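S.K.: One structure follows; several queries about it will come next.
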Amino acid sequence: MIKETFGEYIHKLRTEGSMTLTKLAAALDIDQSTLSKIENGKRTVPEGILPKLADIFDLDMDQLEKEYLSEKIAEMIYPKENSSEFLKLAEQKAEYKRLTNMKQGKIDFKNA
């Protein structure tokens, strides 16, 4: 399955919601030209607009964040062959970081 870009996703939400570029840009507190560039893939989405997008279009913030972060990852690995190997390695490193942070954050009440 091929997923659309995040900018195309925003464009689809906007047009399906019968919203003008000007109106959505104002609601997101960004320039109309910036929104146009985002929708056309010429500019990346500023992370700060995610909560506003979620509110405007009544979207699940967790899912929106997944779409946003997956776009960033895809941008980094799409030129490479065997992108699935990069993803497997990145998942292993993320798991390692989670485990390391949990161990460091553990409080030993017996010796405190």
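S.K.: If we count trypsin sites (Lys or Arg not before Pro) as exposed when they sit in a DSSP loop and have at most 13 other beta carbons within 10 Å, what is the longest stretch of the chain that avoids them all? Provide the component values of the computation, followed by the final result.
M.R.: On the way: sites that count: Lys3, Lys42, Lys80, Lys106, Lys110.
The segment 4-41 is the longest one with no such site.
S.K.: Take Glu47 and Thr20, extend 7 Å from each Cα along the Cα→Cβ direction, and tell me the distance between the two endpoints in nm.
M.R.: In this crude spin-label approximation the distance works out to 3.3 nm.
S.K.: Loop-only check: which GluC sites (Glu not before Pro) in the stretch 1-67 are DSSP coil with at most 14 other Cβ within 10 angstrom? All intermediate terms of the calculation are to be shown ahead of the outcome.
M.R.: Numbers: sites: Glu4, Glu8, Glu16, Glu39, Glu47, Glu65, Glu67; in loops: Glu4.
Sites meeting the loop and neighbour criteria: Glu4.
S.K.: Where does the charge balance sit around Asp60 when Lys and Arg score +1, Asp and Glu -1, over other residues with C-beta under 13 Å from its C-beta?
M.R.: Details: positive: Lys66; negative: Asp55, Asp58, Asp62, Glu65, Glu67.
After counting each charged neighbour, the total is -4.
S.K.: Rounded to the nearest 10 Å², what accessible area does Leu69 have for a 1.4 Å probe in the complete protein model?
M.R.: 80
S.K.: Using +1 at the Cβ of each Lys and Arg and -1 at the Cβ of each Asp and Glu in the chain, identify which of Ser70, Thr15, Ser83 lies farthest towards the dipole's positive end.
M.R.: About the Cα centre, the residue reaching furthest to the positive side is Ser83.
S.K.: What distance in nm lies between label points placed 7 Å from Cα along the C-beta direction at Asp62 and Asp29?
M.R.: 2.7
The values are calculated or read from the model by the stated rules, or taken from the named source; none is laboratory data. Every value quoted in this text rests on a predicted model; they were computed, and no experiment measured them. Heads up, the Cβs are rebuilt from the backbone with ideal geometry, glycines too, and the neighbour counts pull from every protein chain shown. For the accessible areas, the whole protein counts, side chains as well, though only heavy atoms, and no ligand, DNA or RNA atoms are used. Shrake-Rupley method; radii C 1.70, N 1.55, O 1.52, S 1.80 Å.
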